[in-house]
Structures are given as structure tokens and as C-alpha cells.
Amino acid sequence: MITILRLTQHEPTEKQVKALKEAFGDDINIINYPEYIKSGEEVVELVEKYNADVVEVVLPLNLLNEVVNLLKDRVIIIRAIMERYQKLRGFGIIFEFSHYEIIEEVKVVTRPLLPNILSLSHSN
């Protein structure tokens, strides 16, 4: 049996469960953990507690990076890709599951935001 630990406040849709079964087989155990995650170490503890093989994450970049660095050689880390649609008459947004992706690396390239950044960037 494959244990999938979902770190999200939302229950999986039928399409998500179907996609997980297509990827990992019918013999899966889905554990939803809707609580606020404070650190990568907490995720490591949850993986050990539930003996998870797969972790589905919905986390801010800093925590996602920490989780990937701590667990990439121990579990498969995935995220759900959602399509956004505007509701009829423009009142609100609908999110619909599209597919899953495996997260292998998190890379964010930054530079300092300096005073008068627009004038500096136009002078190059």
C-alpha cells in the first residue's frame, strides 16, 4: 500500500483521487493533514508518523524549499496544478484540478529591490 500524506486544507476531488490511483495504483491510503505547517522538520515528523511514501504539498516557497531539501531522497513530493476559471457573471473564481507534478527542486533567483529601481533598470 502506498501512503499519500496531503498537506492541504482541502479534501481531494474525485479527479485528484483518480489521478493518484493512476500514478500509484488502486491500493493507496490518503491521509489529509489540514493543519498549519510551521517548518520542514514538522513535515519530516509527519512523514515518519504516517510512514508516507508520497507528500502532496500546498506550502509557501520557503517551506516548500525546506521540505524538498529534507525529503527529496526519501519520498515523492507532488503538487496539484489547478486551472482557474471565472464564475458566470464574474462573481468569484473556480479552481479545477488539472494534473499533478513531482517537485524535484525549488529555485528562486532574486536580487535586492533598491531605491529608484525603475530608473536603474531603464539605464541599462
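Tell me which helices (runs of 4 or more DSSP H) are completely within region 33-124 and hold 2 or more residues being in contact (Cβ under 8 Å) with a residue 40 or more places away in the chain, or say none if there are none.
Answer list for region 33-124: 40-50, 61-71.
Restricting to region 45-67, name every residue that is surrounded by fewer than 17 Cβ atoms within 10 Å (Cβ to Cβ) and either within 23 Å of Lys107 (Cα to Cα) or within 13 Å of the chain's Cα centre (by Cα) (or both).
Val58, Pro60, Leu61, Asn62
In region 17-40, which residues are open to solvent by 10 Å² or more (accessible area, probe 1.4 Å) and within 18 Å of Phe97 (Cβ to Cβ)?
Scanning region 17-40 gives Val17, Lys18, Ala19, Lys21, Glu22, Ala23, Phe24, Ile28, Ile30, Asn32, Pro34.
Quick test for you: out of Val68, Val43, Val58, pick the one residue that is under 26 Å from Ser98 (Cβ atoms) and touching a Ser or Thr at 6+ places or on another chain (Cβ under 9 Å).
Unique residue meeting the criteria: Val58.
The values are calculated or read from the model by the stated rules, or taken from the named source; none is laboratory data. This one's a predicted model, so the numbers in the text were calculated from it and none came from an experiment. Here Cβ is always computed from backbone atoms with ideal geometry, including for glycine, and neighbour counts include all displayed protein chains. Accessible surface is based on the protein model in full, side chains and every heavy atom, while ligands, DNA and RNA are left aside. Shrake-Rupley method; radii C 1.70, N 1.55, O 1.52, S 1.80 Å.
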